[in-house]
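Structure first, then comments.
The values are calculated or read from the model by the stated rules, or taken from the named source; none is laboratory data. Keep in mind that this is a model prediction, so the values were computed, not measured. All Cβ positions, glycine included, derive from the backbone under ideal geometry; neighbour counts span all protein chains shown. We work out accessible area using only protein heavy atoms, side chains counted, and drop any ligands, DNA or RNA first. Shrake-Rupley method; radii C 1.70, N 1.55, O 1.52, S 1.80 Å.
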Amino acid sequence: MKQISKQFAACAALVASCIAAPVMADTIPNASSPGIASKLIVRGTLEGVQVTDLRSQRKNDVMVVQAETVNLTNYDVRIYYRFRWTDAAGMQVGDGEVWKPLMILGQQSQFIKGTAYGPQATDFKIEMSAEPR
Amino acid sequence: MKRISSLSKSCALVVLLGLTLTACQTRLSQPTVSLARQTTYGDNKAVETVTNEFGSTDLQMIAEKMVGSLLEDPVLANRPTMTLAGVRNKTSEYIDTKSIMNSIQTALVKSRKVKFTRSADEMQQGVDELQRQNQSGLYKAQGKAKLGNMAAAKYSLEGEIVSIVKQNANTKDVFYKMTLKLYDVEEGSIEWQDEKEIRKTSKR
């Protein structure tokens, strides 16, 4: 009887740890600062991936944006992202980008980079989505 | 026991009533002509993973990468003239490379950072129109396109796409690499070059 209860406790602990892991990923904010968060459009949660750095510059009069994403969990996460470019009036520039898949291994950091469609683009947002675990 | 059975009876009644009410609700029709709802329009920018052969997402990702890389390069600083040359398909698949180049051309034209001249494929139509305007005797002189005024391309965009396929009983791995080069037509030198690599793995 004692052995059964021990086995039951072990199983319960295992299940609890499995359930707890995604909850922890859910608690990780999508961005490391409110400034970065304001540039993101995230569908749901990023499953433990966080945008830690965001910078932009104009190269050859075209806006270029680079974001650093870090997977803060030990699990591999596949995210999808695309940039949205807008002009000074807030109107969309270009047709809209294709969603791009990106696998980020556990505890890995990856850069994502986007270049605007032309000099008309003066602002941007990054639309992101993560595959649920 | 009696209490339980009466409870279950009332529950069943409530469910039945709910179902009846749902059936009475009229569903609004949608502005479509299809009755068999097997065809739907999807997101044309979504990631397509139906098979691991070359697909729409690959085409769009290649075009975006090449356009972005070209736009941020100083070679386009003074709005140069450019023409499209061929893209060699060295993969084992049929890939419409003209479609990739058209997507790249569309984005570059819309950026207003480059002027495209007619490619070799498109030249005959241009020549025909010039001859019609100049040799048919149908048009008044004012506004007529003159012969000998075409702008020559300073740069030529050409490239190739290759693939490496590996597979075993369970897994198929396909690696695509598209290389694009911008040649200075007069000098024959490469003024810009970039690559886009895509790996697709599928399991049975």
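Any residue in the range A:37-53 that is in contact with a Gly (Cβ under 7 Å, 6 or more places away or on another chain) and among the β-branched types (Val, Ile, Thr)?
no
Got at least one residue in the range B:85-106 being more than 30 Å from residue B:200 (Cβ to Cβ) and either free of Cβ contacts under 8 Å to residues at least 12 places away in the same chain or open to solvent by 30 Å² or more (accessible area, probe 1.4 Å) (or both)? Let's see the steps before the verdict.
Of the range B:85-106, the ones more than 30 Å from residue B:200 (Cβ to Cβ) are none.
Looking through the range B:85-106, none of the residues is more than 30 Å from residue B:200 (Cβ to Cβ) and either free of Cβ contacts under 8 Å to residues at least 12 places away in the same chain or open to solvent by 30 Å² or more (accessible area, probe 1.4 Å) (or both).
Name the residues in the range A:106-121 that are more than 19 Å from residue B:60 (Cα to Cα) and either within 14 Å of chain B (Cβ to nearest Cβ) or open to solvent by less than 20 Å² (accessible area, probe 1.4 Å) (or both), would you?
A:111, A:119, A:120, A:121
When you go through (1) open to solvent by 20 Å² or more (accessible area, probe 1.4 Å); (2) within 14 Å of chain A (Cβ to nearest Cβ); (3) under 21 Å from residue B:177 (Cβ atoms) one by one for residue B:45, which number turns out not to apply?
Among (1) open to solvent by 20 Å² or more (accessible area, probe 1.4 Å); (2) within 14 Å of chain A (Cβ to nearest Cβ); (3) under 21 Å from residue B:177 (Cβ atoms), the lone unmet condition for residue B:45 is (3).
Taking into account only those residues within the range B:54-83 that are assigned to a strand (DSSP E or B) and open to solvent by 10 Å² or more (accessible area, probe 1.4 Å), which is farthest from residue B:175 (Cα to Cα)?
Among those that are assigned to a strand (DSSP E or B) and open to solvent by 10 Å² or more (accessible area, probe 1.4 Å), it is B:81.
Could you please let me know if residue A:125 is in contact (Cβ under 8 Å) with a residue 24 or more places away in the chain, surrounded by fewer than 18 Cβ atoms within 10 Å (Cβ to Cβ) and facing chain B (nearest Cβ under 9 Å)? Explain how you work it out, then say what you get.
Working: in contact (Cβ under 8 Å) with a residue 24 or more places away in the chain: yes; surrounded by fewer than 18 Cβ atoms within 10 Å (Cβ to Cβ): yes; facing chain B (nearest Cβ under 9 Å): no.
It is false that residue A:125 is in contact (Cβ under 8 Å) with a residue 24 or more places away in the chain, surrounded by fewer than 18 Cβ atoms within 10 Å (Cβ to Cβ) and facing chain B (nearest Cβ under 9 Å).
For the list (1) buried (at least 17 other Cβ atoms within 10 Å of the Cβ); (2) farther than 24 Å from residue B:57 by Cβ; (3) among the acidic types (Asp, Glu), I need the number of the one condition that residue A:87 fails.
(1)
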